[in-house]
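J.: Sharing a structure below in structure tokens format, with a few things to ask.
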Amino acid sequence: MTSELQSELLRATTSTFEDLAFAFPEAEIEDHQLEAPLAWGARVAFSGPVNGTLDIQVTDGVAAELAANMLGMHDASDDGMKRDALGEIANVICGNVVPSLGKASDVFDLRSPEVYVVGTDGEETSAGATRLVVGIDGGRAEITVRVMAHVVEGAGA
Amino acid sequence: MAFNVLVVDDSAVMRAMIVRTLQMTGVPLGEIHQAGNGQEALEVLKDQWVDLALVDINMPVMNGEELIERVRENPLIRDLSVIVVSTESSETRIERILNQGAEFVHKPFTAESLRETILQVTGVSDDQRASVGAPPGDDFDF
């Protein structure tokens, strides 16, 4: 499932960035992109046959670019715009990824995105997580899917 | 004929994007109203004449499915044309939406696919389509 999830994560990330924000992620990351500090994060929790979270963390420049492109503005340096845009990006990627964790008939519920400043949300282990890093212009985006628990049908009270 | 539209989404960015896309469809638009959740949408529908609602599913306070249910229960607005705009992929939930008399557009979407769905859900015939402005050639995706 991990490789399937990895390819689905790449597909969903690429199409969401391209179609929603006219941004074109690249798998090859240059040093200056890796060195740029991650600034903003957004987390979407999902529940269903499988529970978990999807996190996206981006550099400040990428957050501003996403917001500007999504809103059709030249400049979107306002933090509120960055937060809203990144939350929506996380929501769409998550909504397109989670079906690969279950059957076509399965219903997943997505919580509203929680946007945070990177470094203030506590560290979570990446063990067992599926992670994707892509370069975008001068910065990068890191997307991580964590599966918390497999809900077994008929289990429990 | 111009359509009065209500855009219901808890994301202000997504509402802005949907409005932009609507303006690119070539469909004649009248007033465009916005609401951040189902409850706010019902308030708008009390006071405004709306021909078409574009509705997200996952929203706080009142989600899209409950909104559509409440609309269908109200004799004054039960015939409202509704398009659900969502990332939802579950066949079960999409079927439930279709059974409520709503159409479905998957995010991300194009101006062209939104236009086709609007014309379908509002009952514009093929003959009438000719009189509805064509979409711009620039096929932006959203």
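J.: Show me, bin by bin at 5 Å from 0, the whole-percent P(r) of chain B based on Cα pairs.
T.: Each 5 Å bin holds this share of Cα pairs: 2, 10, 22, 24, 22, 13, 6, 1, 0.
J.: To continue, here is another question. Quick check: from the Cα gyration tensor, does chain A come out rounded (a/c under 1.5), prolate or oblate? Working shown, then result.
T.: Working: a/c = 1.82, a/b = 1.74, b/c = 1.04.
Prolate, because a/c is 1.5 or more and a/b exceeds b/c.
J.: Short version: what are the Cα gyration tensor semi-axes of the protein assembly as shown, square root of 5 times each eigenvalue, largest first, in whole Å? The partial results should precede the final answer.
T.: Details: eigenvalues 216, 112, 57 Å².
Whole-Å semi-axes of the equivalent ellipsoid: 33, 24, 17.
J.: May I ask you to derive the relative contact order of chain B, considering only C-alpha pairs under 8 Å and at least 6 residues apart, and to give it as an integer percent? If you can, show how the numbers build up before the last one.
T.: Details: 246 pairs, mean separation 35.9, N = 142.
Relative contact order, chain B: 25 percent.
J.: Hey, another quick one. Going by Cα centres, segment B:1-29 and segment A:42-92 are how many Å apart?
T.: That distance is 21 Å.
J.: Please state the relative contact order of chain A as a whole percent: Cα pairs under 8 Å, 6+ residues apart?
T.: Details: 291 pairs, mean separation 56.5, N = 157.
This gives 36 percent for chain A.
J.: Which loop chymotrypsin sites (Phe, Trp or Tyr not before Pro) in segment B:1-106, with loop taken from DSSP, have no more than 15 other Cβ atoms within 10 angstrom of their Cβ? All intermediate terms of the calculation are to be shown ahead of the outcome.
T.: Numbers: sites: B:PHE3, B:TRP49, B:PHE104; in loops: B:TRP49.
Counting only loop positions with at most 15 other Cβ atoms within 10 Å, the chymotrypsin sites (Phe, Trp or Tyr not before Pro) in segment B:1-106 are B:TRP49.
J.: Where does segment B:32-80 land on Rg/Rh, using Cα atoms and the Kirkwood Rh?
T.: Values: Rg = 9.7 Å, Rh = 10.7 Å.
A ratio of 0.91.
J.: To test your reading of the geometry: what angle, between 0 and 90 degrees and rounded to tens, separates the Cα axis of helix B:64-73 from the longest principal axis of chain B?
T.: That helix lies at roughly 80 degrees to the long axis.
J.: Next question, about the same structure. Specify the angular offset, from 0 to 90 degrees and rounded to the nearest 10, of the alpha carbon long axis of helix B:111-121 from the longest principal axis of the alpha carbons in chain B.
T.: Tilt relative to chain B: about 70 degrees.
J.: Which residue, B:ILE83, B:ILE18, B:GLN39, has the largest displacement toward the positive end of the dipole of segment B:1-87 when charges sit on each Cβ (Lys, Arg +1; Asp, Glu -1)?
T.: B:ILE18
J.: Give a residue-ordered list of calculated ³J(HN,Hα) values for segment B:5-19 (Karplus: 6.51 cos²θ - 1.76 cosθ + 1.60, θ = phi - 60°; whole Hz; x for Gly, Pro).
T.: So the J values, rounded to whole Hz, are 10, 10, 9, 10, 7, 6, 9, 5, 5, 5, 4, 4, 5, 5, 4.
J.: Further question: Would you mind ranking B:LEU45, B:LEU67 by Cβ crowding within 10 Å, fewest neighbours first?
T.: On the way: B:LEU45 22, B:LEU67 28.
Exposure proxy ranking, most exposed first: B:LEU45, B:LEU67.
J.: If you take the alpha carbon radius of gyration of segment B:56-110 and divide it by 2.2 N^0.38 Å, what ratio comes out, to two decimals?
T.: Details: Rg = 11.1 Å, N = 55, 2.2 N^0.38 = 10.1 Å.
Working it through for segment B:56-110, the quotient is 1.10.
Since every read-out is calculated from the coordinates, none of them should be taken as a lab result. Model, not experiment: these values are computed from the prediction. Neighbour counts run over all protein chains shown; Cβ positions are idealised from the backbone, glycine included.
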